[in-house]
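The values are calculated or read from the model by the stated rules, or taken from the named source; none is laboratory data. Everything numeric here is computed off the predicted structure, so don't read it as measured data. All Cβ positions, glycine included, derive from the backbone under ideal geometry; neighbour counts span all protein chains shown.
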Amino acid sequence: MKIRKIAFLITFLFLWRGVMAQENSSSLAFSAYTDVYYSYFSNEMEPNALQPFTTVSPRSERFGLNVAQIGLAYDSQFVRANLILHWGDIAKATWSEEYNNVQEANLGFKLANGWWIDAGFFATHIGTESFLPKNDFLSSTAVATYNEPFYQAGAKLTYEGSDDFYTEFWVLNGYNRFLDNNNAKSIGVLFSYNFSENTSLTYTNLLGTESAEGSAVKQYRIYQNLYLNTVLTERLILIVGGDVGTQSNSKLPNMEETAIMYNALTTLRYLFTDKWSVTGRAEVFNDRHGFISGLIPTQNSGMQGLELWGLTLGIEYKPDPNSYIRGEARFLDLDDNAALFSGSYSRHKRWELMVTMGYQLDRVFGF
């Protein structure tokens, strides 16, 4: 009998140790990513100048580095943390001057089953596309993506307890800001629902005061984004998205009225094989009052907001699941009155050609 009790006790201790180890298991993930490019733009600028309205491969007729980044992510039952540092032309063209090399730095704690709270520096929760080529079908990003926020500082409450539904509630310093320009805070949400394994719909928004502290004119901005991802067939994938934004005291020429902007894009990818694919994108962007995109020169020496449409065609070869080689061509056609571009081609049209190569490395260590 005594031997049985001892055997039972030993078995119980081993089982308890296994359960506790599983409950308290944690992991540390290391990631590294780089993307290099060569590009050409019909818009003529000074050597090494960054082309307007593009986040990727922005220097014309140059070999360049889009991004080199490293990251560490810690994850356990009750605590998680994330740090990503980056360098390259994407950071120079889009990122905060104060924290140019910090892509993300945040810490989170589990509050209850499925509920987490995180705070720090984050990549934006808004947008149909990512600013990183590895997360998109095309390396170049739509003009809408260029004008959406890239980064944000604040806190989020997340619910992750459902396989079909995911949501985030945000309190942030402001639109595309690490450091705030006023004492007000912005709020936002992300709702994502999976209708099936092949189709999901996501809605995001951001609401807040964007005028500087002490400004006589208060400008309140509402920015909303909606996008659909669906796998139409085994080889055909569709992404459709669009934004609508409003800002008070911003309409031209009557600055006391509310201005409105909108954009939309459609991306369609066809996979010939597991390694070869072709992607097309159509986009429109209309911010005639310039409260998001800023004002650009016109043919009659005036100023106006950005209005355009564009088409992009790209082909991709994936040597393995973590790497890619892409060739892309894009055409942008601005409003006929715009005079943004220079050179012999056109003042309101631009051709872009680029070749990009990227590789992503991920390693997870459990303990």
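Scanning region 336-347 for residues that are touching a residue at least 40 places away in the same chain (Cβ under 8 Å) and more than 15 Å from Ser60 (Cβ to Cβ) yields Ala338, Ala339, Ser346, Arg347. Of all residues in region 290-323, those satisfying the criterion of being assigned to a strand (DSSP E or B) and buried (at least 18 other Cβ atoms within 10 Å of the Cβ) are Ile296, Gln304, Leu306, Glu307, Leu308, Gly310, Thr312, Gly314, Glu316. Pairing residues of region 247-265 that are among the basic types (Lys, Arg) with residues that are part of a loop (DSSP other than H, G, I, E, B), at Cβ distances under 9 Å and at least 6 apart in sequence or on separate chains, gives Lys251/Glu257; Lys251/Thr258; Lys251/His289; Lys251/Phe291.
Arg326 passes every criterion in (1) surrounded by fewer than 17 Cβ atoms within 10 Å (Cβ to Cβ); (2) more than 18 Å from Ile296 (Cα to Cα) apart from (1).
Is it the case that some residue within region 280-302 is out of contact with any Leu (no Cβ under 7 Å at 6 or more places or on another chain), touching a residue at least 60 places away in the same chain (Cβ under 8 Å), under 30 Å from Gly208 (Cβ atoms) and of a type in the set (Phe, Trp, Tyr)? Checked against the condition, which is being out of contact with any Leu (no Cβ under 7 Å at 6 or more places or on another chain), touching a residue at least 60 places away in the same chain (Cβ under 8 Å), under 30 Å from Gly208 (Cβ atoms) and of a type in the set (Phe, Trp, Tyr), region 280-302 yields at least one hit. Taken over region 151-209, the residue count meeting the criterion of being loosely packed, with under 15 Cβ neighbours inside 10 Å and of a type in the set (D, E, K, R) is 4.
Among the residues of region 272-289, those that are surrounded by fewer than 17 Cβ atoms within 10 Å (Cβ to Cβ) and either part of a strand (DSSP E or B) or hydroxyl-bearing (Ser, Thr, Tyr) (or both) comprise Thr273, Trp276, Val278, Gly280, Ala282. One residue stands out among those in region 212-233 that are touching a Ser or Thr at 6+ places or on another chain (Cβ under 9 Å) and in a loop (DSSP other than H, G, I, E, B): the one that is surrounded by the most Cβ atoms within 10 Å (Cβ to Cβ), which is Gln219. Criterion applied to Glu46, Glu23, Glu97 was being within 19 Å of the chain's Cα centre (by Cα), modelled with pLDDT under 95 and surrounded by fewer than 12 Cβ atoms within 10 Å (Cβ to Cβ), and the one residue passing it is Glu97.
The residue pairs whose first member lies in region 65-79 and is under 25 Å from Trp95 (Cβ atoms), whose second member is part of a strand (DSSP E or B) and of a type in the set (Lys, Arg), and whose beta carbons are closer than 7 Å, counting only pairs six or more residues apart or on different chains, are Tyr74/Arg80. Restricting region 232-256 to residues that are charged (D, E, K, R) and farther than 16 Å from Glu210 by Cβ, the residue that is modelled with the lowest pLDDT is Glu256.
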